[in-house]
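Here you go, one structure.
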Number of protein chains: 2
Amino acid sequence: MPQLPHHEHHLTSSAALQDIVIGLSDGLTVPFALAAGLSGAVQSSGLVITAGLAEIVAGSIAMGLGGYLAGRTEVDHYAAELAREHEEVRTVPTTERREVQELFVEMGLSEATATQATNELVQDPAQWVKFMMKYELGLEEPDPKQAPKSALTIAGAYAVGGLLPLSAYFATATPQAGLLWSAVSTLVCLLVFGYFKSRLTGQAPVAGALKMAATGAAAAGAAFYVARLVQGS
Amino acid sequence: MPQLPHHEHHLTSSAALQDIVIGLSDGLTVPFALAAGLSGAVQSSGLVITAGLAEIVAGSIAMGLGGYLAGRTEVDHYAAELAREHEEVRTVPTTERREVQELFVEMGLSEATATQATNELVQDPAQWVKFMMKYELGLEEPDPKQAPKSALTIAGAYAVGGLLPLSAYFATATPQAGLLWSAVSTLVCLLVFGYFKSRLTGQAPVAGALKMAATGAAAAGAAFYVARLVQGS
């Protein structure tokens with residue numbers, strides 16, 4: 001049989017690109033929707049801009065700092081579980097051995113082959129612990145430098161995504177005119193962003209573009225309706 | 001050697017609890033920070049409440065609908081990869097076999113045992129494909145009913161988390177008084193929430209409580225400063 005070229009079909013987008021997608025997804029929708037909501041309720045573009053900028057700052061910090069702390073927690077969690085597996089391999093090796101054996105049987109091996117594989121694996125405690133971390137606990141070793149990088153990328157992408165819909169209010173006289181330009185430019189950006197995000201993750205790009213724009217429109221429409229209702233009451 | 005009782009130390013919190021944590025983490029910080037920011041810039045509690053409610057609606061929909069669409073995409077992605085692995089096992093079995101072999105060697109088995117294990121695994125194409133999905137691609141079969149449930153839980157938790165800091169502005173006469181009560185009650189909630197969230201994920205609870213409160217305070221402080229700067233300019 002001829003060996004066809006075989007490409008791995010993992011989702012191989014880089015961590016930075018994934019962080020940009022996370023930040024932009026929320027940054028393009030929430031500040032846009034908030035500004036749209038306020039446009040139906042207040043008379044001053046200045047107020048829409050003040051609230052929009054406050055939201056962008058709040059959202060960037062909450063997402064960025066939250067992401068940073070979550071990343072640090074993941075590093076600590078991995079280190080704690082690693083120490084625990086080392087300890088268990090040392091103190092309850094029979095139990096840990098049986099777990100390896102069970103994992104191999106679950107993969108689809110016969111008892112005899114699973115036993116043979118287990119006997120080989122436990123010769124090297126480092127490899128044994130690595131196996132338990134990855135296949136029993138499903139944990140990959142996190143990169144400690146990733147957390148601060150991710151935090152800055154997500155926060156930056158959120159801010160960029162949020163400033164775009166807001167910039168329309170700088171350039172127009174009334175919140176209503178701002179809303180029109182903000183909605184047009186943001187929906188175009190959501191379509192373009194949804195298209196490329198879907199291509200990146202191997203999904204149908206046109207459907208992805210429409211879903212992204214629909215999410216933004218739904219959030220903005222609901223915020224507009226609620227703000228008008230509250231202000232009118 | 002005596003067999004000590006051995007507890008699995010996975011993070012075994014339920015999916016619903018995880019969704020509540022996701023929604024509350026953002027819901028308790030972003031609307032609180034936005035309201036705090038506006039309190040330094042506007043004279044009317046009504047405006048703070050209007051903007052806060054618009055943000056809660058926008059954020060709930062963006063998070064909920066975004067989570068729902070992401071969940072649907074994951075289900076589609078799994079189905080597409082599954083079909084692809086079935087196809088590959090049928091059309092390029094030699095290549096796929098070699099990949100299984102390489103995975104076993106990477107786990108720490110000798111070439112001989114890896115070959116034996118591979119020979120057993122490929123007897124059953126269903127088990128073979130399952131093995132490739134889980135250990136080559138790292139994909140677990142997603143539950144198609146999970147996406148709508150997650151969406152509603154995250155959106156609901158975000159709204160509950162956001163309404164708490166905002167409720168202080170309903171009960172007070174000026175935004176400044178609202179901010180005081182909002183900050184006190186929200187920081188208490190962030191401490192309690194951070195404490196239980198950390199216990200749930202096996203982290204140090206007091207440190208977790210302080211980190212959560214610090215994130216909320218940083219976001220609110222920055223939003224307050226920016227809103228005042230913008231409104232004063």
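Test A:Gly162 against the stated conditions and say whether it is open to solvent by 60 Å² or more (accessible area, probe 1.4 Å) and either small (Gly, Ala, Ser) or within 19 Å of the chain's Cα centre (by Cα) (or both).
no
Within region A:152-160, identify whether any single residue is among the hydroxyl-bearing types (Ser, Thr, Tyr), touching a Phe, Trp or Tyr at 6+ places or on another chain (Cβ under 7 Å) and modelled with pLDDT of 95 or more, and answer yes or no.
no
A further question follows. What number of residues within region B:110-129 are within 37 Å of the chain's Cα centre (by Cα), open to solvent by 10 Å² or more (accessible area, probe 1.4 Å) and within 7 Å of chain A (Cβ to nearest Cβ)?
2
Can you name every one of the helices (runs of 4 or more DSSP H) wholly within region B:11-121 that holds 1 or more residues which are modelled with pLDDT under 90 and within 30 Å of A:Ala220 (Cβ to Cβ)?
So the answer is B:15-39, B:45-91.
Please tell me if A:Leu38 is touching a residue at least 60 places away in the same chain (Cβ under 8 Å), within 7 Å of chain B (Cβ to nearest Cβ) and open to solvent by less than 30 Å² (accessible area, probe 1.4 Å).
Yes: the conditions hold for A:Leu38.
Would you be able to say whether some residue in region B:44-62 is touching a Ser or Thr at 6+ places or on another chain (Cβ under 6 Å) and at the interface with another protein chain (Cβ under 8 Å from one of its Cβ atoms)?
Yes: region B:44-62 contains one or more residues that are touching a Ser or Thr at 6+ places or on another chain (Cβ under 6 Å) and at the interface with another protein chain (Cβ under 8 Å from one of its Cβ atoms).
The values are calculated or read from the model by the stated rules, or taken from the named source; none is laboratory data. The structure displayed is predicted, hence computed values, not measured ones. Cβ atoms come from the backbone with ideal geometry, glycine included; neighbour counts cover every protein chain shown. Calculation scope for accessible area: heavy atoms of the full protein, side chains included, ligands and nucleic acids excluded. Shrake-Rupley method; radii C 1.70, N 1.55, O 1.52, S 1.80 Å.
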